[in-house]
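Inspection log for the structure reproduced underneath, given as structure tokens.
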Amino acid sequence: MIALDASALLAYLFKEIGHEQVVQYINDCCLSTVNLSEVIGRFARDGHDPQHVFKRLSATNIEFVPFTATQATLAASILPQTKLLGLSLADRACLSLGLVRNIPVVTADQAWQQTSFGLQIVVIR
């Protein structure tokens, strides 16, 4: 099991650079609902129906993990270490999911490699 960042899932969906690396994880992954919102929002921005996008994503093997109070607290606690790297709440939501479940995370954001949370971070490009 691996936690996907929105950037990794979007790279996969749009066949962007690095999408081929995401392929190996797509059938055994989870996604924070914060990152789910980010992905659906990207499609909504382009004029797609958010309900239709959610329905399509729900038909995959991706496990959608509700953003819990524990994850919210953890995401807030790592803000000081990630602020200078420009990590967003959604980025920290993915990291907190990885930390809570003790699983690797996959992202397209190279800045994550500069964190030191004891997580395996796979950067796809």
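The values are calculated or read from the model by the stated rules, or taken from the named source; none is laboratory data. Keep in mind it's a predicted model, so treat the numbers as computed, not measured. Virtual Cβ from ideal backbone geometry, glycine too; neighbours counted across all protein chains shown.
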Original post:
Do we have residue 84 as closer than 19 Å to residue 2 by Cα, surrounded by fewer than 20 Cβ atoms within 10 Å (Cβ to Cβ), among the hydrophobic types (A, V, I, L, M, F, W, C) and free of Cβ contacts under 8 Å to residues at least 40 places away in the same chain here?
Top reply: no
Original post:
With region 22-125 as the region, which helices (runs of 4 or more DSSP H) entirely inside it contain at least 3 residues that are out of contact with any Ser or Thr (no Cβ under 7 Å at 6 or more places or on another chain) and closer than 18 Å to residue 9 by Cα?
Top reply: 33-45, 50-58, 89-101
**OP:** Could you tell me whether any residue of region 41-64 is surrounded by 20 or more Cβ atoms within 10 Å (Cβ to Cβ) and among the β-branched types (Val, Ile, Thr)?
**Re:** no
Original post:
Given the residues 75, 59, which is the only one that is touching a Lys or Arg at 6+ places or on another chain (Cβ under 6 Å) and at pLDDT 95 or above?
Top reply: 75
